[in-house]
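Every read-out reported here was derived from the displayed coordinates using simple, explicitly stated rules and does not represent laboratory data. Being a predicted model, the structure only gives us computed values, none of them experimental. Neighbour counts are summed over all protein chains in view; Cβ atoms, including those assigned to glycine, are modelled from backbone coordinates with ideal geometry.
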Amino acid sequence: MRTLLMVSAVLLISTTCLDAQPAEPYVGLYADAGHSVMSVYNTGGFMPFELWIWWLPSQHGLITMEFKLTYPSNVIAILVTRNPDLMIVLDECIGYLCPMFQTCHIDWVWSHHQTCYLTSAVPGFVEIGPSPYASAVLAANCELGYPIEEVIVLNNLALNQEGAIAVELQSWGAIRNLYR
């Protein structure tokens, strides 16, 4: 009886965890390691800030992604640190470098961390978008054959203005569940 209760509890917990994973993968740009700060403000001069790329895998996991960052003219992007679990592979993307994790990820994970400088108080965004060879930000999940999924951009990093979560396609309840 005790074994049956334990098995039932494990099944309930694992089912609850699977339900918490979104159907689609998400990506967001943040100014902190906790993926909660979406805005950076220039307080004068060459102001340093951190840029983090955080991914939330779909219910099928995350193994690799294809994307491009664009910076406004008042951002100087310098030192890039990649997650130690990342390796860079030359893909079929016609010479485009695509990062790939060595292991499958099923929860929030950062891929890159970059030190940047904000040189003025002009509003703008550091944006994540599709690579030159794709029409959307893409990710490969961990299922057999590594199927490709379109990634929903949750937010870009706002400069000298308030950042916001993109919610056009999602309900607030679905967005809140991403942060649990």
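Given an 8 Å cut-off on Cα distances and at least 6 residues of separation, report the relative contact order of the stretch 23-178 as a percent.
34
Quick one: in the stretch 23-178, what % of C-alpha pairs are over 24 Å apart?
Within the stretch 23-178, distances greater than 24 Å cover 32 percent of Cα pairs.
Provide the FRET efficiency to the nearest 0.05 for the V80-Q59 pair, computing r from the beta carbons and using R0 = 22 Å.
Computed FRET efficiency for V80 and Q59: 0.15.
I'd like the distance between the alpha-carbon centres of the stretch 112-154 and the stretch 64-83, rounded to an integer number of Å.
9
Using only the Cα atoms of the stretch 40-92, build the gyration tensor, take square roots of its eigenvalues as a ≥ b ≥ c, and label the shape rounded, prolate or oblate: rounded if a/c is under 1.5, else prolate if a/b is larger than b/c, else oblate.
Here the stretch 40-92 falls in the prolate category.
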